[in-house]
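The values are calculated or read from the model by the stated rules, or taken from the named source; none is laboratory data. Predicted model only: the values in this text are computed from it and were never measured. FYI the Cβ positions are ideal-geometry reconstructions off the backbone, even for glycines, and counts take in every protein chain you see.
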Amino acid sequence: MKTVEEFQIQNFSKGLDELRVNLGRIASSWSLSKKQLFEINLIVEEIYANYTEHVENNTIHPVEIKLCREKDKLVITITDQGPEFDPTKIPDPDVHLPIDQRKAGGLGLYLVKHYADTISYTRTDNTNILHIEKKLT
């Protein structure tokens, strides 16, 4: 059986609170474990945070989030009409370097890649479209 949940949040600071509430509600209705919720939260929050960071001139526009669950597979689709931003092109940080020798940034997207099974990005009609697949095991 396929289950779909969709919601929109604005790209400003209160959006993170809305995001957490919606993901918590979905996790409860889908009976997800705390571990699954943690990983999904981390993935979606990090992508959302990166998109909102790249907003030009504080332009507020909705970020659309769609979660589609089929058996033990979750597909997350995140779309927004902000500036082009492809998180799959961001290089992974060297996590083997001592902390004081690492460049700032990139660790959140590194974790997204770690917890996701596949990530793909497209840009169509001035819209960023990110698809993330995750096995729910």
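Brief remarks on what is shown
- Taking each residue of the range 69-83 that is at negative phi and modelled with pLDDT under 95 and looking for partners that are in a loop (DSSP other than H, G, I, E, B) and surrounded by 19 or more Cβ atoms within 10 Å (Cβ to Cβ) with beta-carbon atoms closer than 9 Å, six or more apart or interchain, yields Asp80/Asn11; Gly82/Asn11.
- Filter result (under 20 Å from Asn41 (Cβ atoms) and not in a loop (DSSP other than H, G, I, E, B)) within the range 89-109: Leu107, Gly108, Leu109
- Residues located in the range 89-109, provided they are surrounded by 13 or more Cβ atoms within 10 Å (Cβ to Cβ), at pLDDT 80 or above and out of contact with any Gly (no Cβ under 7 Å at 6 or more places or on another chain): Gly108, Leu109
- Output for the range 110-137, where each listed residue is part of a loop (DSSP other than H, G, I, E, B) and loosely packed, with under 13 Cβ neighbours inside 10 Å: Asp117, Asp125, Asn126, Thr137
- Only one of the listed residues (Ile76, Ile26, Ile43, Ile65) is hydrophobic (A, V, I, L, M, F, W, C), more than 16 Å from Thr122 (Cβ to Cβ), touching a Lys or Arg at 6+ places or on another chain (Cβ under 8 Å) and buried (at least 16 other Cβ atoms within 10 Å of the Cβ). That residue is Ile43.
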